Amino acid sequence: MTTDFLIIGGGIAGISTAARLSHLGSVQVLEGEEALAYHASGRSAALFEPSYGNTPTVALNRASAAYLQGANGGVLSPRGLMFLAGPGEEAGLEADIKAMDLTPMSLADARAMVPILDTAYLTGAAYHASAWDIDTDLMVQNFAREARGNGAVITTKARVTGIARGGSGWQVDTASDSYSARILVNAGGAWADHIASMAGVAPIGITPLRRSMARLPAPGGHDVGGWPMLIGAGETWYAKPDAGKWLVSPAEEDPVETPHDAWADDMVLAEGIARYQPYVTEEVTRVETSWAGLRSFAPDRTLVLGPAVDAGDFIWVAAQGGYGFQTAPAASQLIADLIAGRRPELPAGIVAALSPARFA
């Protein structure tokens, strides 16, 4: 039996696309791991900030807002966002204020909101409330439920071992089975270029970049639940509440030559915590757990959405970078619109900026 759409990858990109395409035909999703959203999707900072990213990304963010806020009861909860500057970082903070539409605030007001801030070190702060936590697990499950409700089959522990063109489209092999489909969707995250090469499609030049995270005890025993996400000017580190704990990331982007199940580098974590430490009065004495994920970027740091130039039945849903969850509703809708021959809701210029054709 030939499926209409075979999607490789069960992260937020693949599962949201599965939900959209399940309204257009039969869908098969192949995920190599034991569960959906195992790699980058399962290690996200999980924040919706509409102004975060370049112009095409911001367009996707804003087009995704209604879904994130309301679909299936919504997946957002208030968080807020505060940028902080230390000595010599004032120009960087000004650039962040302009790019992120932040409002400057006094150091006293910043400390009233986050009582561990060291106002003797800080030289500036800015804030806005227009940032929300995303319930990423709920969002994945909402899309999976929609896909399955329309007959989609989601198969885990199905690592792809081979891809070939067949008479009716594509044949995709795993260690235990073979699948046929008219249209192949590449939602492979850090492995997206590898999947393209397996299929005989020209790779884009997508680079996986590692980003690490440390989970710390709540600083000073504070109730951190109402604190905003904190970001060092120029995004040199960030910190965020998480289920009563405190997450700190070095915000690094270290290129990874071969995609793999990423892990945090202890030295990189230590350097990131050292950058964060002067901004706060509570000393970091213990890391409870740490992890890393691979954020994948195209050369122009813009998502790649649409049919391959050299194979119109090979669809890219890739290079989400750090924007996967907050762009997924609009990105998956765009893919469905393109495949169905509908006029996309996004402006034509944005669609062109996201298209794989820009690399031709």
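The values are calculated or read from the model by the stated rules, or taken from the named source; none is laboratory data. Just so you know, these numbers come straight off a predicted model, no measurement behind them. Heads up, the Cβs are rebuilt from the backbone with ideal geometry, glycines too, and the neighbour counts pull from every protein chain shown.
Every condition in (1) modelled with pLDDT of 95 or more; (2) charged (D, E, K, R); (3) under 29 Å from Glu33 (Cβ atoms); (4) touching a Ser or Thr at 6+ places or on another chain (Cβ under 7 Å) is met by Arg275 except one, and the failing one is (3). Among the residues of segment 252-294, just one is over 24 Å from the mean Cα position of the chain (by Cα) and among the aromatic types (Phe, Trp, Tyr), namely Tyr279. Against the list (1) in contact (Cβ under 8 Å) with a residue 12 or more places away in the chain; (2) under 23 Å from the mean Cα position of the chain (by Cα), the condition Arg145 fails is (1).
Residues considered: Val172, Val140. Of these, the only one that is within 14 Å of Ile8 (Cβ to Cβ), crowded, with 21+ Cβ neighbours inside 10 Å and at pLDDT 95 or above is Val172.
Residue count for segment 18-36, restricted to those that are assigned to a helix (DSSP H, G or I) and either more than 12 Å from Ala144 (Cβ to Cβ) or at pLDDT below 95 (or both): 2. Scanning segment 102-117 for residues being outside any helix (DSSP H, G or I) and within 11 Å of Tyr127 (Cβ to Cβ) gives a total of 6. The residues on offer are Ile204, Ile195, and the sole one that is of a type in the set (A, V, I, L, M, F, W, C), assigned to a loop (DSSP other than H, G, I, E, B) and more than 16 Å from Glu282 (Cβ to Cβ) is Ile204. If you take the residues of segment 310-360 that are in contact with a strand residue (DSSP E or B) (Cβ under 8 Å, 6 or more places away or on another chain) and not hydrophobic (A, V, I, L, M, F, W, C), which of them is nearest to Ala251 (Cα to Cα)? The selected residue is Gly322.
Scan segment 337-360 residue by residue and report those that are in contact (Cβ under 8 Å) with a residue 60 or more places away in the chain, crowded, with 19+ Cβ neighbours inside 10 Å and assigned to a helix (DSSP H, G or I). If you could, list the steps in order and put the result at the bottom.
So the first thing to find is which residues in segment 337-360 are in contact (Cβ under 8 Å) with a residue 60 or more places away in the chain, and the list is 339-340, 345-347, 350, 353-354, 356, 359.
Keeping just the survivors that are crowded, with 19+ Cβ neighbours inside 10 Å gives 339, 346, 350, 353-354, 356.
Result: Ile339, Ile350, Ala353, Leu354, Pro356.
Identify, by number, the condition in (1) buried (at least 17 other Cβ atoms within 10 Å of the Cβ); (2) assigned to a helix (DSSP H, G or I); (3) not aromatic (Phe, Trp, Tyr) that Ile154 doesn't meet. Every condition holds for Ile154 apart from (2).
Across segment 112-128, the qualifying residues are those that are surrounded by fewer than 19 Cβ atoms within 10 Å (Cβ to Cβ) and touching a residue at least 60 places away in the same chain (Cβ under 8 Å), and the one among them that is farthest from Asp242 (Cα to Cα) is Tyr121. Applying the criterion of being in a loop (DSSP other than H, G, I, E, B) and closer than 16 Å to Leu47 by Cα to the residues of segment 241-265, the residue that is modelled with the lowest pLDDT is Ala243. Applying the condition of being within 16 Å of Ala239 (Cβ to Cβ) and crowded, with 17+ Cβ neighbours inside 10 Å to segment 207-216 and asking which residue is farthest from the chain's Cα centre (by Cα) yields Leu216. Per the listing Ala328, Ala264, the residue uniquely in contact (Cβ under 8 Å) with a residue 40 or more places away in the chain, assigned by TED's automatic domain parsing to the domain that holds Arg111, buried (at least 22 other Cβ atoms within 10 Å of the Cβ) and not acidic (Asp, Glu) is Ala264. Restricting attention to segment 67-101, and to residues there that are among the aliphatic types (A, V, I, L, M) and either without any contact (Cβ under 8 Å) to a residue 12 or more places away in the chain or assigned to a loop (DSSP other than H, G, I, E, B) (or both), which single residue is surrounded by the fewest Cβ atoms within 10 Å (Cβ to Cβ)? Filtering first and then ranking leaves Ala91. The residue pairs whose first member lies in segment 15-34 and is assigned by TED's automatic domain parsing to the domain that holds Leu184, whose second member is of a type in the set (Ser, Thr, Tyr) and assigned to a loop (DSSP other than H, G, I, E, B), and whose beta carbons are closer than 9 Å, counting only pairs six or more residues apart or on different chains, are Val29/Thr156; Leu30/Thr156; Glu31/Tyr38; Glu31/Thr156; Gly32/Tyr38; Gly32/Thr156; Glu33/Thr156; Glu34/Thr156. Can you tell me which residue in segment 270-308 is surrounded by the fewest Cβ atoms within 10 Å (Cβ to Cβ), limited to those that are hydroxyl-bearing (Ser, Thr, Tyr) and part of a loop (DSSP other than H, G, I, E, B)? The selected residue is Thr285.
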